[in-house]
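The values are calculated or read from the model by the stated rules, or taken from the named source; none is laboratory data. Just so it is clear, the model here is predicted, and its values are computed rather than measured. Please note: Cβ atoms are built from the backbone with ideal geometry, for glycine as well, and neighbour counts cover all protein chains shown. Heavy atoms of the whole protein, side chains included, go into the accessibility calculation; ligands, DNA and RNA do not. Shrake-Rupley method; radii C 1.70, N 1.55, O 1.52, S 1.80 Å.
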Amino acid sequence: MRIALYQPDIPQNTGNIFRLAACLGLTIDIIEPTGFLFDENRFKRAMMDYMKFLTYKKHTDWDMFFDWTKKNNYRIILLTTKSKKYYVNYKFKLNDILLFGRESAGVPDNIHNIVNERLSIPMAKNLRSINVSSSVAIVAAEACRQLNIFPKS
């Protein structure tokens, strides 16, 4: 299972997600462009020294990422506020990529239309969204629990 970030634009969130992925033993896919450089201090501060424990892959753009997922038989599971299906009722698989959109704009409609599944996190009415790094933690933990893929200590 993998975590994909679509054009992330807040370095602290991305650093936090990198750290989480390292701790859970998950791989990250970054779909460029990003709104920051990987050597930016805010990114490094949030990630700390966890980069050496992490596997990640950068994809030049959405099309390159999407083609790569098809060639490698991955399912793309988009986490979005625009779904009535909740992640807690979903059966995750090892070949899933959990896709999270930009903090400022999510993902474009054309991506909504081609992913394998769209899921949301239940939350209180009239609120916009949960922070992306918190969302990744919530859903990745449930997927790891279902698949029994937590790292062994």
Nearest-20 debye value, the chain charge dipole, Cβ charges on Lys, Arg, Asp, Glu: 560
Compute the relative contact order of segment 8-153 as a whole-number percentage, counting only Cα pairs closer than 8 Å that sit 6 or more residues apart in sequence. 26
Counting Lys and Arg as +1 and Asp and Glu as -1, what is the net charge of the other residues whose Cβ lies under 10 Å from the Cβ of N95? +2
Report, in order of residue number, the helices in the chain meeting two criteria: a C-alpha extent of 15 Å or more along the helix axis, and a mean Kyte-Doolittle hydropathy of at least 1.0; treat each whole DSSP H run as one helix. 132-147
Ordering 10-23, 115-128 by per-residue average of other C-beta atoms within 10 angstrom, highest first, gives 10-23, 115-128
Hey, what did segment 78-123 get for relative contact order, percent, Cα under 8 Å, at least 6 apart? 69
Per residue, in Å², the accessible surface of the chain once ligands and nucleic acids are set aside, probe 1.4 Å: 55
Cβ-Cβ cut-off under 13 Å around G25, Lys and Arg +1, Asp and Glu -1: the net charge is +3
Which order do peptides 82-88, 27-33 fall in by mean Cβ count within 10 Å, highest first? 27-33, 82-88
Magnitude of the Cβ-charge dipole (Lys and Arg +1, Asp and Glu -1) of segment 87-136 about the Cα centre, nearest 20 debye, reported as 140
Listed residue pairs exceeding 22 Å between alpha carbons, taken from K70/K91; K70/K93; K93/K125; K57/K93; K71/K93; K91/K125: K93/K125; K91/K125
In terms of the alpha carbon gyration tensor, root eigenvalues a ≥ b ≥ c, rounded if a/c is under 1.5 and otherwise prolate when a/b exceeds b/c or oblate, the chain is rounded
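In whole percent, how big is the carbon plus sulfur part of the accessible area of the chain, probe 1.4 Å, protein atoms only?
Carbon and sulfur together cover 48 percent of it.
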Would you mind working out the magnitude of the charge dipole of segment 1-68 relative to its Cα centre, with +1 at each Lys and Arg C-beta and -1 at each Asp and Glu C-beta, to the nearest 20 Debye? 400
